[in-house]
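The values are calculated or read from the model by the stated rules, or taken from the named source; none is laboratory data. It should be emphasised that the depicted structure is a prediction, and the values quoted were computed from it without experimental measurement. Note that we place each Cβ from the backbone using ideal geometry, even for glycine, and neighbour counts take in every protein chain shown.
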Amino acid sequence: MMNTIHITFPEGKHKVLTFSYDDGRAADKRLVELFNRYQLRATFHLNSGFIQEDIQGIHDDYLKSYQLRNLFNGHEVACHTVTHPTIARTPVEHVADQLITDRKNLEKVMGYPVQGFSYPNGSYNPAIIEMLPNVGIKYARVVGSSEQFAIPDDFYQWQATCHHNNRLLELGEQFKSLGKVQYLYMMSVWGHSFEFDRDDNWSLIEAFCEQMASQTDIWFATNIEIVRYLEAAKQLVIGLNGDFAYNPTAIPVWINVNGLISQIAPGETKRLKKPIEVVIIGDSTVQTQLDDSDPQSGWGGYLQKYCSTNVIVKNYAIGGRSSKSFLAEGRLAALDYEIEQANFVLIQWGHNDASKQRPDRYTDPSTSFKNNLKHYLDFARDRHATPILVTPPLILSRANETYKNELEQYWLALCEIAKDEQVALIDLTTLSLSLYEQLSAEQVDSFYLSSLGTHDTTHFTRRGASMLAKLIARQLKQTLPEFKSEVIL
């Protein structure tokens, strides 16, 4: 079976939240304090021409260069041009000069490469977009609100989800509710910090920070971190068989492989686990109970509970069948593809094979029962699946505090055929007997439907079915190396 693989954000998260605030006004200080309190990350786009210490007059409300490194530690500083021109009406070479100079000024102050940008006044044109990569810019945010959570198709025309004055808390609730982990979602909020003073709504952004901070499935990142991460993810090389991943970049990339989260470190070639598919065949003591109102259940419906998400359990057991009638009805033949795709096939028969009053079910334990079992084993092996025989759990039969194996001849036949054919055997008969001998009669009785006022000492309650599944899972873990790290007990 092929691996199912998709890219995630760091630590397997499937959502990312980011902020983008322009101009570098003094109110950024209060906004940064708020983000830091809630451990959120943001990008601040600055005009380096307005942050010089010797500038006086109309730009007094702007931050000064000596404040930037400490204030924006843990956040991103990005370009907004030197002097905030309307660049769509500016010669493109002058725009390039504005950006290069802005980058140089900000990098000198911050001490790291500055590669983000937001268009001043939201002004841009195709020539400017084409020029941006040539001056080292990785993304550019536009103005306006998409009210969407999709990853941008073009990061040089990055439209945020919303301005903070546009349905912020409502969109935040929508973002929190997105649960499809196979998709990547992003919420991006933009604005200007001075607007909170102007509109007297600092409480709005604080409520939003509180709304988001406790969400464990959201990555809190700066704009450039998102862009660089997705660039690295695009370069991840997955083998055609889905069995390894190579990360040629300097950034760790996280992937989801069959529901398991895996980090691919920079320069690492990592072998990926393939899913283990288990097909189960049997009778009503194995069958999954789909009706929640029915107290009866079989162990096949609980085996997945004790396995990791890398194990895929498919239960085809059905009540009222024996090794004979399951074959006669064409049910095994119908599983041709499923068994061909499977790694293991668990096979449990015996209860209905002992029904002498039902010729359509009955098999002789020393002849036809063994012949049928051999057919199941060959069918699985011919399709490159590993068969595992399972002996039937005990029918509740107790005398003088001693439990009796009512299906002893079928149990013996299963043990013999497993030995003769050299296949694995899970002796659920003996495992359940050993457990029962350690428990009180009342505890054992609770495993069977008879404890609910019926006369049924064959079928199991949900508690009993779960107990049997746990015994089988433990045996898989102990005897098969493939399950050693996949069984959760």
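Restricting attention to segment 232-291, and to residues there that are within 30 Å of W349 (Cα to Cα), out of contact with any Gly (no Cβ under 7 Å at 6 or more places or on another chain) and at pLDDT 90 or above, which single residue is surrounded by the fewest Cβ atoms within 10 Å (Cβ to Cβ)?
Checked segment 232-291; the qualifying residue surrounded by the fewest Cβ atoms within 10 Å (Cβ to Cβ) is E277.
Can you tell me which residue in segment 1-20 is nearest to K273 (Cα to Cα), limited to those that are aliphatic (A, V, I, L, M) and buried (at least 23 other Cβ atoms within 10 Å of the Cβ)?
V16
From E406, E416, which residue is outside any helix (DSSP H, G or I), among the acidic types (D, E) and within 21 Å of S322 (Cα to Cα)?
E406
Kindly provide the set of residues from segment 91-106 that are in contact with a helix residue (DSSP H, G or I) (Cβ under 6 Å, 6 or more places away or on another chain), under 23 Å from Q67 (Cβ atoms) and not polar (S, T, N, Q), ordered by number. I'd like the intermediate steps shown before the answer.
Quick first cut of segment 91-106, residues in contact with a helix residue (DSSP H, G or I) (Cβ under 6 Å, 6 or more places away or on another chain) only: 92, 95-96, 99-100, 102, 105-106.
This time we only want the ones that are under 23 Å from Q67 (Cβ atoms), so: 99, 102, 105-106.
Matches in segment 91-106: L99, D102, L106.
Which ones in segment 429-482 are of a type in the set (F, W, Y), in contact with a Lys or Arg (Cβ under 9 Å, 6 or more places away or on another chain) and closer than 21 Å to D294 by Cβ?
Once the filter is applied, which keeps residues that are of a type in the set (F, W, Y), in contact with a Lys or Arg (Cβ under 9 Å, 6 or more places away or on another chain) and closer than 21 Å to D294 by Cβ, segment 429-482 yields only F447.
Say we look at segment 66-121 and pick out the residues that are aromatic (F, W, Y) and buried (at least 17 other Cβ atoms within 10 Å of the Cβ); which of these is nearest to V227 (Cα to Cα)?
Among those residues, the one meeting the criterion is F117.
Does segment 363-392 hold any residues that are in a loop (DSSP other than H, G, I, E, B), crowded, with 20+ Cβ neighbours inside 10 Å and among the hydroxyl-bearing types (S, T, Y), and which are they?
Scanning segment 363-392 gives T363, T391.
Hey, among Q475, Q438, which residue is of a type outside the set (F, W, Y) and surrounded by 20 or more Cβ atoms within 10 Å (Cβ to Cβ)?
Result: Q475 is the single residue among Q475, Q438 that is of a type outside the set (F, W, Y) and surrounded by 20 or more Cβ atoms within 10 Å (Cβ to Cβ).
Tell me which strands (runs of 3 or more DSSP E) are completely within segment 252-355 and hold 2 or more residues being within 28 Å of S451 (Cα to Cα), or say none if there are none.
276-281, 344-348
Collect the residues in segment 116-127 that are part of a loop (DSSP other than H, G, I, E, B) and under 11 Å from H80 (Cα atoms), keeping them in residue-number order.
G116, Y119
Just the residues that are touching a helix residue (DSSP H, G or I) at 6+ places or on another chain (Cβ under 9 Å), of a type outside the set (S, T, Y) and not in a helix (DSSP H, G or I), please, taken from segment 438-449.
Passing the criteria: only F447.
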